[in-house]
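Peer 1: Mind having a look at this structure? Questions to follow.
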Amino acid sequence: MNIIKTIPELLEQVENLKSKGKTIGLVPTMGALHNGHISLFKHAKKEVDYVIGTIFINRIQFNNSEDFTKYPRTEEKDREMLEMANCDLLFMPDEDEIYQGMQHINVELGAIGEVMEAQYRPGHFDGVARIVYRFFSLIKPDIAFFGQKDLQQFKVIETMTRQLNLPVELKMCPIIREDDGLAMSSRNMRLSDEAREMAPKLFAALNYAGDLIEFGDSPDQVKSKVHKFIEKFPAFSLEYIEIADLETLMPVSVVKRGEKIALCIAAFLDGIRLIDNIIIIS
Ligand code: AMP
């Protein structure tokens, strides 16, 4: 695996690949890799000639400075995992390399930029859109791979790509979970043993919500029951449980049969913010 830290080296590689007609896949990450990330590299490997991974902890998408400082950094292990996953090139720039000359972009996110994560993490998606735009313009990938784990993030990137007519295809890959159902996340490393044991309750809450919808409860009833369910575990502090239309991510007040619905949840556990979602057909 080729490891590159500077933009001129990256551009040279990209130009070389393009001149040979090779297709490029991009997997952007913030490191502290786990099998959820690795699944994206496996999807990419099947679809393009050359896979580029990035590791960059994007300060401007953190709305909480402690979350940024404490974000796990496991560089050596990350490299080993990417070698194993047959990643072709790893781009791991430092902050100056990325933020100098970084453009502001003008994207009208509309309601998607106001609900759920946007409401609880002001400025987050602006930071995400800017870094992803930066990588898209440097790497010019044919396909970029993201996880359903960050469903709203995917929708934001989709909106940006559409509005700015960026020539890249986006792929959303399924959530990879631990055996007990907890969605894999770099932040899970920061959970205490006790909290780690409690963490799968978040996924349990989503499944409970899914069952309630199937039995005909309204979104308001579901939300209220999930709040009560989570209250039984005082280590959690629930931020939101939302029942949203999968296409628009707007909250739905009535669930119509046959619709694709995203059930999204965010909660603090042990001071660590966890998010998860499931997609159901009502
Ligand atoms: P991050 O390093 O947290 O920025 O995540 C990088 C990419 O990995 C994003 O597209 C995430 O949605 C994706 N990802 C994170 N966790 C998982 C998971 N458990 N399963 C699948 N994809 C994931």
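The values are calculated or read from the model by the stated rules, or taken from the named source; none is laboratory data. Being a predicted model, the structure only gives us computed values, none of them experimental. Every residue, glycine as well, gets a Cβ built from its backbone with ideal geometry; the counts of neighbours run over all protein chains shown.
Peer 1: Just a yes or no: is a residue in the stretch 149-159 part of a strand (DSSP E or B) and at negative phi? Please lay out each step first, then the result.
Peer 2: Filtering the stretch 149-159 for residues part of a strand (DSSP E or B) gives none.
No, the stretch 149-159 has no match at all.
Each row is one residue, and each column tells you yes or no for (1) in a helix (DSSP H, G or I); (2) modelled with pLDDT under 95; (3) within 12 Å of the ligand (Cβ to nearest atom); (4) loosely packed, with under 13 Cβ neighbours inside 10 Å.
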position	(1), (2), (3), (4)
9	yes, no, no, no
17	yes, no, no, no
21	no, no, no, yes
31	no, no, yes, no
39	yes, no, yes, no
46	yes, no, no, yes
57	no, no, yes, no
60	yes, no, no, no
79	yes, no, no, no
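A quick yes/no check of all residues on (1) in contact with a strand residue (DSSP E or B) (Cβ under 7 Å, 6 or more places away or on another chain); (2) surrounded by fewer than 16 Cβ atoms within 10 Å (Cβ to Cβ):
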{"site": "108", "(1), (2)": "no, yes"}
{"site": "116", "(1), (2)": "yes, no"}
{"site": "123", "(1), (2)": "no, yes"}
{"site": "134", "(1), (2)": "no, no"}
{"site": "150", "(1), (2)": "no, no"}
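Peer 1: For residue 258, work out the one condition from (1) small (Gly, Ala, Ser); (2) part of a loop (DSSP other than H, G, I, E, B); (3) free of Cβ contacts under 8 Å to residues at least 24 places away in the same chain it doesn't fulfil.
Peer 2: Only one criterion in (1) small (Gly, Ala, Ser); (2) part of a loop (DSSP other than H, G, I, E, B); (3) free of Cβ contacts under 8 Å to residues at least 24 places away in the same chain is unmet by residue 258, namely (3).
Peer 1: For the stretch 36-79, which residues satisfy the criterion of being among the β-branched types (Val, Ile, Thr) and either under 25 Å from residue 272 (Cβ atoms) or under 16 Å from the mean Cα position of the chain (by Cα) (or both)? Full working, then the answer.
Peer 2: The initial filter retains those residues of the stretch 36-79 that are among the β-branched types (Val, Ile, Thr), namely 38, 48, 51-52, 54-55, 57, 60, 69, 74.
Across the stretch 36-79, the qualifying residues are 38, 54, 55, 57, 60, 69, 74.
Peer 1: Against the condition charged (D, E, K, R), at pLDDT below 95 and more than 13 Å from the ligand (Cβ to nearest atom), how does residue 66 come out, does it pass? Step through it out loud before you land on a result.
Peer 2: Numbers: charged (D, E, K, R): yes; at pLDDT below 95: yes; more than 13 Å from the ligand (Cβ to nearest atom): yes.
It is true that residue 66 is charged (D, E, K, R), at pLDDT below 95 and more than 13 Å from the ligand (Cβ to nearest atom).
Peer 1: So which of 112, 131 is outside any loop (DSSP other than H, G, I, E, B) and more than 12 Å from the ligand (Cβ to nearest atom)? Explain how you work it out, then say what you get.
Peer 2: On the way: 131 fails: more than 12 Å from the ligand (Cβ to nearest atom).
Every option except 112 fails the conditions.
Peer 1: Now, a different point. So which residues in the stretch 234-255 are part of a loop (DSSP other than H, G, I, E, B) and either among the hydrophobic types (A, V, I, L, M, F, W, C) or surrounded by 15 or more Cβ atoms within 10 Å (Cβ to Cβ) (or both)? Give the steps one after another, and end with the answer.
Peer 2: As a first pass, look at the stretch 234-255 and keep what is part of a loop (DSSP other than H, G, I, E, B): 234-235, 246-250, 252-255.
Those that are part of a loop (DSSP other than H, G, I, E, B) and either among the hydrophobic types (A, V, I, L, M, F, W, C) or surrounded by 15 or more Cβ atoms within 10 Å (Cβ to Cβ) (or both): 235, 246, 249, 250, 252, 254, 255.
Peer 1: Based on what the data block shows, is residue 160 within 14 Å of the ligand (Cβ to nearest atom) and surrounded by 16 or more Cβ atoms within 10 Å (Cβ to Cβ)? Quick ask: steps written out before the conclusion?
Peer 2: Details: within 14 Å of the ligand (Cβ to nearest atom): no; surrounded by 16 or more Cβ atoms within 10 Å (Cβ to Cβ): yes.
No.
Peer 1: In the stretch 185-243, how many residues are closer than 26 Å to residue 39 by Cα and more than 16 Å from the ligand (Cβ to nearest atom)? So that I can check it myself, show each step before the final result.
Peer 2: Filtering the stretch 185-243 down to residues closer than 26 Å to residue 39 by Cα leaves 185-193, 195-207, 210.
Right, trim to more than 16 Å from the ligand (Cβ to nearest atom) and you get 192-193, 195, 197-198, 201, 204-205, 207, 210.
Counting residues in the stretch 185-243 that are closer than 26 Å to residue 39 by Cα and more than 16 Å from the ligand (Cβ to nearest atom) gives 10.
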